[in-house]
Amino acid sequence: MWLLARQFAFDGTVLAKAIAATFANRETAIDVEPIAFTSSFTEQVRTVTQWSAFRKKLPNTECPESLAELVPLLAQFLLPVARACAGGESFDQRWPPGGPWTGDT
């Protein structure tokens, strides 16, 4: 997701519909405050170890060494859409490569 958010543009309306449909299909509530985006998660020894092992398997050398380095972009990209979906609201914004969301269409 981090790489996609950095390299591609997104239509918020399309992304919101896809996210809402995915969660509805799985009969799962959308978490608008996921623990994965908190420092208490990204700084846990177990999480750091798992991230390091995962990162070593990636061919992409652009990927940050620290999980905490990529979480802010992921949160900026995903949370506004998740909040809109959870609230049953539309999300008529655009994401240029690297962000941020903008109302300019």
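Filtering the stretch 54-105 to residues that are touching a residue at least 12 places away in the same chain (Cβ under 8 Å) and in contact with a Cys (Cβ under 8 Å, 6 or more places away or on another chain) leaves Leu70, Phe91.
Step by step: first the residues of the stretch 76-94, then only those that are closer than 16 Å to Arg6 by Cα and among the hydrophobic types (A, V, I, L, M, F, W, C), then the one that is surrounded by the most Cβ atoms within 10 Å (Cβ to Cβ). Which residue is that? Before the answer, list the steps.
So the first thing to find is which residues in the stretch 76-94 are closer than 16 Å to Arg6 by Cα, and the list is 76-79, 94.
Keeping just the survivors that are among the hydrophobic types (A, V, I, L, M, F, W, C) gives 77-79.
Values: Phe77: 22, Leu78: 18, Leu79: 15.
So the residue we want is Phe77.
If you scan the stretch 25-73, which residues turn out to be aromatic (Phe, Trp, Tyr) and over 24 Å from Phe8 (Cα atoms)? Answer for the stretch 25-73, where residues must be aromatic (Phe, Trp, Tyr) and over 24 Å from Phe8 (Cα atoms): just Phe41.
Out of all the residues in the stretch 10-17, is one or more at pLDDT 95 or above, among the hydroxyl-bearing types (Ser, Thr, Tyr) and in contact with an Asp or Glu (Cβ under 9 Å, 6 or more places away or on another chain)? Yes, some residue in the stretch 10-17 is at pLDDT 95 or above, among the hydroxyl-bearing types (Ser, Thr, Tyr) and in contact with an Asp or Glu (Cβ under 9 Å, 6 or more places away or on another chain).
Residues in the stretch 2-41 that are farther than 30 Å from Gly103 by Cβ and touching a helix residue (DSSP H, G or I) at 6+ places or on another chain (Cβ under 7 Å): Phe41 only.
The values are calculated or read from the model by the stated rules, or taken from the named source; none is laboratory data. Not measured: the values here are computed from a predicted model. Positions of Cβ are backbone-derived with ideal geometry, glycine not excepted, and every protein chain shown enters the neighbour counts.
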